[in-house]
Amino acid sequence: MPLRTNQPISKRSSMFRISSRILIASLAVPIILSGCGGGGGGEQQQTTSTTTTGKYIDSPVAGLTYETATQSGVTDAQGRFQYQPGEQVRFRLYGQEVSMAPAQSVMTANDSGSTTLNIDKTINLLRFLQTIDTDNDPSNGITLPTVSNGFTLNINFDQDIFAFESDSAVTAFLSAHASGRSLVSVASAMSHFHSSLASASDDVILQLAGRTATSTTTTSNCPGQQAVLHYTFGSTSVSATGESRFNYTVDPTTGTPGTCTVGQNLSDPSDTVPTDQVQFTVTYATDPDDTLTCAPNCTYSQFNKMVYVAADADNRQVVNLAWHTPGSNKIYLIKRVIGYNDPSKTNFPKEIYTEIITLN
């Protein structure tokens, strides 16, 4: 999808087609998925005629408190909670709310109910939960450690991932309740979460053929700027028109981005496409970013991905996210730069590229 980048000189963002998209590519071009209703999880089972059982996963998380309009309790060893269709569910970690969203049969840190998806919050929460697991082995499930009665957690999960690592509230909790362990690495946390998603649900959540969508792409290096693409999904491919290019320079000494423009880069002779006239087509079966290979009908586990990449097309360490919450009309394609493998770019900003696709 559009999000793409030419680091030191200009950045083009197009998640779908540029090689490195959010899960899609390093900046690829927005992929547009079309989401169509759906309940979202193969684990779903009926406990009464109206009450349904869902599951909260990183691995299954035991010990989260939850509450809906009609149900409340604590997630069990399988991460299970109960709800009635159409309800909102609120999850709390030691009394601190970590999410409130429409209840689905599979819930994760990415299902916040917000109109935006904060990838740093997701990364922070996943790392924290995996680190505090009582047996320090999240592959067999996550069990929360016991704390004193009346204790209420007060940690800012919304903050930048680098600030989170050194947050005194985080380190104090790990010292008191997790044997002083350091947070698991981003790479390890993403690998574990990705493997959990792979078996989360076989329910079809995206049916794209015949759908259209509009996406907005932003980068943290270009505050207030956005690129817009319009997608048309067919039975074997998706076509897009609009804009996906971001152009700016970065001072290699200070890492400060220069003036940013969206559209044709007039200082680049090779960029001959006028602003807002970008066009491309991606065939599902050969999608180089492996985001739409499941199209036109994608299951929960086929589409939803969160992957750490040690070296993307721009030689950066990144986390790529492709996400669709069942029943919503949004698709999120996000690339979070974690670091640079090129020592000359140590000071470069660790950007966040976000494409939000709204299905019509």
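The values are calculated or read from the model by the stated rules, or taken from the named source; none is laboratory data. Given the structure is predicted, the values throughout are model-derived calculations rather than measurements. All Cβ positions, even for glycine, are placed from backbone atoms using ideal geometry, and neighbour counts span all protein chains on display.
General remarks:
- Any hit, region 137-152, residues being over 17 Å from the mean Cα position of the chain (by Cα) and closer than 23 Å to ASN329 by Cα: no
- Filter pass, THR131 being crowded, with 17+ Cβ neighbours inside 10 Å and at pLDDT 95 or above: yes
- Candidates are the residues of region 299-330 that are part of a strand (DSSP E or B) and either among the basic types (Lys, Arg) or at pLDDT below 95 (or both); the one that is nearest to VAL228 (Cα to Cα) is LYS330.
This table checks each residue for (1) assigned to a helix (DSSP H, G or I); (2) in contact with an Asp or Glu (Cβ under 7 Å, 6 or more places away or on another chain); (3) not assigned by TED's automatic domain parsing to the domain that holds GLN317.
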{"position": "ARG90", "(1), (2), (3)": "no, yes, yes"}
{"position": "GLU97", "(1), (2), (3)": "no, no, yes"}
{"position": "MET100", "(1), (2), (3)": "no, no, yes"}
{"position": "ASP135", "(1), (2), (3)": "no, no, yes"}
{"position": "LEU153", "(1), (2), (3)": "no, no, yes"}
{"position": "PHE157", "(1), (2), (3)": "no, no, yes"}
{"position": "ALA189", "(1), (2), (3)": "yes, no, yes"}
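- Some residue of region 170-188 being surrounded by 15 or more Cβ atoms within 10 Å (Cβ to Cβ), aromatic (Phe, Trp, Tyr) and touching a residue at least 60 places away in the same chain (Cβ under 8 Å): no
- Boolean, GLN104 is part of a helix (DSSP H, G or I), crowded, with 20+ Cβ neighbours inside 10 Å and either in the same structural domain as VAL309 (by TED's automatic domain parsing) or in contact (Cβ under 8 Å) with a residue 60 or more places away in the chain (or both): no
- In region 299-350, of all residues being among the charged types (D, E, K, R) and surrounded by fewer than 20 Cβ atoms within 10 Å (Cβ to Cβ), the one that is nearest to the chain's Cα centre (by Cα) corresponds to LYS330.
- In region 242-269, the residues that are in the same structural domain as HIS230 (by TED's automatic domain parsing) reach residues that are in a loop (DSSP other than H, G, I, E, B) and aromatic (Phe, Trp, Tyr) with C-beta atoms within less than 6 angstrom, at least six apart or across chains, in these pairs: VAL250/PHE348; GLY255/PHE348; PRO257/TYR248; GLY258/TYR248; CYS260/TYR248.
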